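Read-outs throughout are calculated quantities, based only on the coordinates presented, and are distinct from any laboratory measurement. These figures come from a predicted structure and were not determined experimentally. For neighbour counting, all protein chains shown are included, and Cβ atoms are generated from backbone atoms with ideal geometry for every residue, glycine included.
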Amino acid sequence: MIHKAEFVVSNTNPGNCPKPDRAEVAFIGRSNVGKSSLINMLTNRKELAKTSQKPGKTQLINHFKIDDRWFLVDLPGYGFAKVNVKVKLGWEQMISTYLTKRENLCGVFVLIDSRLEPQKIDLEFLLWCGTEGVPTAIVFTKADKQSKNKTQQNIQKFLKKMREIFEETPDYFVTSSETGDGKDELLDFIMGLVNE
Ligand code: GTP
Ligand code: MG
């Protein structure tokens with residue numbers, strides 16, 4: 001259970017992130033997949049991270065300090081069709097630098113929309129993380145939006161695709177920011193990471 005969550009800083013330059021003096025976990029995934037909503041659900045705060053029905057809401061690297069002990073980071077989404085090439089390249093530069101250079105980063109959660117069939121862009125991003133040695137786990141979001149059966153079908157398809165690329169199955173979680181499903185499992189896992 002998280003007791004205290006406070007906003008620290010937003011920026012576009014990974015070099016301006018707070019001093020890496022404590023463990024850090026980050027949330028990433030396609031635009032609109034539910035990163036900011038998941039952060040609010042985990043921290044029991046309605047509007048700590050800004051959410052929107054329109055994709056492309058989060059544009060910056062947002063640091064939150066949790067229980068004075070670790071950092072939680074909300075990142076902008078990838079795969080937002082409406083951005084121009086310059087913005088896209090800027091995003092890639094910012095995110096790849098952050099993910100590969102941030103020395104206190106102990107976990108990156110890649111969010112996947114549980115309603116969708118496996119998406120190329122997500123698989124490619126996970127592959128990139130794997131080759132760069134970024135420590136990733138998967139969170140399947142929006143599980144409240146369809147039947148448990150459908151969610152499971154999509155997850156199994158995604159994991160099958162993952163196994164075609166990687167040797168092993170990654171750690172994964174199934175969540176709903178609406179109902180709070182999956183919260184305890186995910187928080188337990190995060191606590192394990194930040195307490196190491
Ligand atoms: P960007 O910042 O634009 O990359 O998006 P994001 O990944 O941070 O998504 P955000 O949390 O802003 O959520 C996008 C939309 O999906 C909002 O309308 C949320 O209310 C909705 N949403 C997010 N998670 C869930 C969920 O678990 N269930 C349901 N039903 N809706 C959700
Ligand atoms: Mg967001």
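Set the Förster distance to 25 Å, then compute FRET efficiency between Asn44 and Ser96 from the Cβ-Cβ distance, nearest 0.05.
My answer for the efficiency is 0.20.
Gain in length, Asn84 to Trp128, computed as 0.36 nm per residue apart minus the alpha-carbon separation, to one decimal in nm?
13.7 nm
What number, in percent, do you get for the relative contact order of the stretch 72-196 if the mean sequence gap of Cα pairs under 8 Å and at least 6 apart is divided by its residue count?
24 percent
Taking a virtual spin label 7 Å from the Cα of Gln53 along the C-beta vector, which residues in the stretch 131-170 bring their backbone nitrogen under 17 Å of it?
Only 145 pass the distance filter.
For the stretch 75-196, what is the Kirkwood hydrodynamic radius in Å, using each pair of distinct C-alpha atoms? Mind showing how you got there, number by number?
Working: mean 1/r = 0.0641 Å⁻¹.
This gives a value of 15.6 Å.
Report, in listed order, any pair from Lys88/Lys145; Lys4/Lys142; Lys82/Lys145; Lys86/Lys145 with a Cα-Cα distance greater than 31 Å.
Lys86/Lys145
Once the Cβ-Cβ distance between Glu168 and Arg69 is put in as r, and R0 is 35 Å, what FRET efficiency do you end up with, to the nearest 0.05? Don't jump to the answer; show the numbers that get you there.
Values: r = 30 Å, r/R0 = 0.86.
Rounded to the nearest 0.05, the efficiency is 0.70.
Going 7 Å from the Cα of Ile121 toward and past its Cβ, which residues in the stretch 21-35 have a backbone nitrogen under 18 Å from where you end up?
It comes to 27-35, nothing else.
Which FRET efficiency, nearest 0.05, do Asp144 and Glu103 yield, Cβ-Cβ r, R0 41 Å?
0.65
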